[in-house]
Amino acid sequence: MTRTNIIGMLLGVLFVAIAGLTASASHETGNPSAKPDGDGSKPNRANQPDVPKLGKLTGRFVFDGKVPPIKDLAPELTMVNPDFPQVPGPDGRFSAVEGVYRNFLVRGIRPKTDDPSLLVAKDGGVANVVIWVASKDVPWSPPKEWKPTAIKLQNGNYTPRVTFAATGQPVLVENHDPVGFHFRIDPSRPRNAALSQLLKPNVADPLRLIWEEAESFPTKFGSDLGPWATGWLFVHRNSFVAISGPDGSFTLPNLPPGEWEFRVWHERQGFVKHWPKGLFKHTIRPGEIDLGDIRLKPEFFTR
């Protein structure tokens with residue numbers, strides 16, 4: 001064998017060794033130039049768990065009939081003129097409610113006393129209808145840290161009309177007005193604390209409320225000093241809850257696939273009788289499922 005052939009053989013062996021080391025290093029360090037597993041075009045995900053695609057339930061509640069007129073809950077207060085002093089009643093006592101109402105008036109705020117229990121848009125949409133997943137076995141995991149929801153006193157009334165929170169989620173009760181006001185709520189579940197307290201003005205010290213037990217339906221709250229100011233708080237076991245907006249529309253997002261039971265409620269009569277006891281079942285699939293217009297009869301809203 002000639003010297004030239006020996007040198008050629010040594011160079012060939014050296015090239016093969018270097019190529020082998022390079023391929024091994026690429027595999028161990030995750031070099032993107034390394035050839036992927038499987039068919040060479042996609043990584044092998046056989047051992048990775050499948051993440052189910054979520055569904056979204058939408059719809060719109062519509063008042064199917066003649067809308068009743070809105071009543072004034074306190075006509076005696078709407079006639080109060082702050083330019084004239086308060087006078088005592090037939091028993092010789094001054095009304096504490098009128099006194100609080102006058103405190104708003106002298107600060108340029110006239111709280112609305114119209115009945116907000118049935119709000120219907122011009123095109124028939126019904127606001128403040130509550131819909132939630134009633135199935136107890138629906139999979140759900142709470143967040144690591146809750147973002148508080150809030151009930152606000154603004155212009156002498158509580159807003160929003162209906163507030164939702166999951167169990168364990170903080171609820172802040174804030175007074176954004178320059179007048180001290182009262183807040184009262186009495187839950188039905190024994191583990192949930194009742195609350196009756198004065199709200200300091202100008203969001204000085206908001207109340208913090210946390211209920212650990214789910215309520216079966218929304219709980220009414222109000223004020224001993226301002227009976228016109230009321231609202232509802234619904235604490236549910238999970239976050240699968242929606243409240244219809246001013247146009248009657250609602251959206252229930254992030255629903256896991258499966259057949260679930262849903263419940264519908266409105267403050268006028270409780271569980272909406274469009275379905276027996278306000279309950280209906282529906283199968284959720286990935287993507288949006290639109291129930292369209294759900295027409296509700298006027299008798300579902302009579303007191």
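Beta carbons closer than 7 Å, at least 6 apart along the sequence or on distinct chains, pair a first residue in region 144-169 that is over 18 Å from Arg208 (Cβ atoms) with a second that is among the polar types (S, T, N, Q) and crowded, with 20+ Cβ neighbours inside 10 Å for Arg161/Asn128; Val162/Asn128. Looking at region 145-159, is at least one residue crowded, with 20+ Cβ neighbours inside 10 Å, outside the structural domain of Ser223 (by TED's automatic domain parsing) and touching a helix residue (DSSP H, G or I) at 6+ places or on another chain (Cβ under 6 Å)? The answer is no; no qualifying residue exists. For region 278-298, a tally of residues being surrounded by fewer than 12 Cβ atoms within 10 Å (Cβ to Cβ) and without any contact (Cβ under 8 Å) to a residue 24 or more places away in the chain returns 1.
The values are calculated or read from the model by the stated rules, or taken from the named source; none is laboratory data. Because the structure is a prediction, the values reported are computed rather than measured. Virtual Cβ from ideal backbone geometry, glycine too; neighbours counted across all protein chains shown.
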